[in-house]
């Protein structure tokens, strides 16, 4: 189990460009010689994309709540005038 | 901005939203369109701040209006000839995957946000919001930073496996 998350950490450091040159070279060698490892790298990259997209969606909801507060009935009258009286 | 997101976003609403709504209306959009494009602009701006992609001399209002224009063009390619961009605006990059979600990804995200809620929250805190690990440890109730680090990698493994399994099963369904 420990080896497994150590490997995940290694992939993480590679994808976030935190590996030194010699470590990076070892990483490339491993990708070329180990197909299962190469696949893990690919899936981890996809996982980051999913995390990013999901993070954006949540942030959008957070922003919408701020907007609802600012433009709601008890919101910022000056801002509401500026927006709705264009 | 990173310390108190709510306050920072509220200030940006007051300083930038009227301008953006005016511009969107000039382009034939509605106030609702303006609000929607502004929400997305704030997300792009937030990511740029986190990733250190902003020049320190950047005029915040002008920059966010520039992001809004770029996003508008990404949504409505046909308006390219109507939108004039200055040199600064031309240089603003928008993440390639910003409007690129597909059905499979949507289902996957919905599944992960339900089945792997806590792990997704930990991973989003670290990778998306770039929250420092000591703060993650405190927020999620880990005894120390080391435990938070280990848990972060375990979560990454778990979600990676789920992404792989789910995506493969979606592909089978689609075939």
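The values are calculated or read from the model by the stated rules, or taken from the named source; none is laboratory data. Owing to the predicted nature of the structure, the values given are computational and were not obtained by experimental measurement. Neighbour counts run over all protein chains shown; Cβ positions are idealised from the backbone, glycine included.
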Within the stretch B:15-49, considering residues that are exposed (fewer than 14 other Cβ atoms within 10 Å of the Cβ) and within 11 Å of chain A (Cβ to nearest Cβ), the one farthest from the chain's Cα centre (by Cα): B:26
Being on the phi < 0 side of the Ramachandran plot and not in a helix (DSSP H, G or I) is the filter; apply it to the stretch B:134-156 and report the residue that is nearest to the chain's Cα centre (by Cα). B:142
Would you call residue A:46 touching a helix residue (DSSP H, G or I) at 6+ places or on another chain (Cβ under 7 Å), under 26 Å from residue B:43 (Cβ atoms), at pLDDT below 95 and at the interface with chain B (Cβ under 9 Å from one of its Cβ atoms)? yes
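The rows are residues; the columns are (1) surrounded by 15 or more Cβ atoms within 10 Å (Cβ to Cβ); (2) farther than 25 Å from residue A:18 by Cα.
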| site | (1), (2) |
| --- | --- |
| B:69 | yes, yes |
| B:86 | no, yes |
| B:112 | yes, yes |
| B:136 | yes, no |
| B:155 | yes, no |
Condition check: closer than 24 Å to residue B:5 by Cα and surrounded by 15 or more Cβ atoms within 10 Å (Cβ to Cβ). Does residue B:159 satisfy that? no
Which residues, counting only those in the stretch A:1-42, are within 23 Å of residue B:51 (Cα to Cα) and in a helix (DSSP H, G or I)? A:8, A:9, A:10, A:11, A:12, A:13, A:14, A:15, A:21, A:24, A:41, A:42
Which residue, of B:101, B:151, B:105, B:130, is touching a helix residue (DSSP H, G or I) at 6+ places or on another chain (Cβ under 7 Å), within 30 Å of residue B:28 (Cα to Cα) and within 13 Å of chain A (Cβ to nearest Cβ)? B:101
Could you please find all residues in the stretch B:99-128 being touching a residue at least 40 places away in the same chain (Cβ under 8 Å), closer than 28 Å to residue B:52 by Cβ and in a loop (DSSP other than H, G, I, E, B)? none
So which of B:131, B:165 ends up being part of a helix (DSSP H, G or I), assigned by TED's automatic domain parsing to the domain that holds residue B:107 and without any contact (Cβ under 8 Å) to a residue 12 or more places away in the chain? B:165
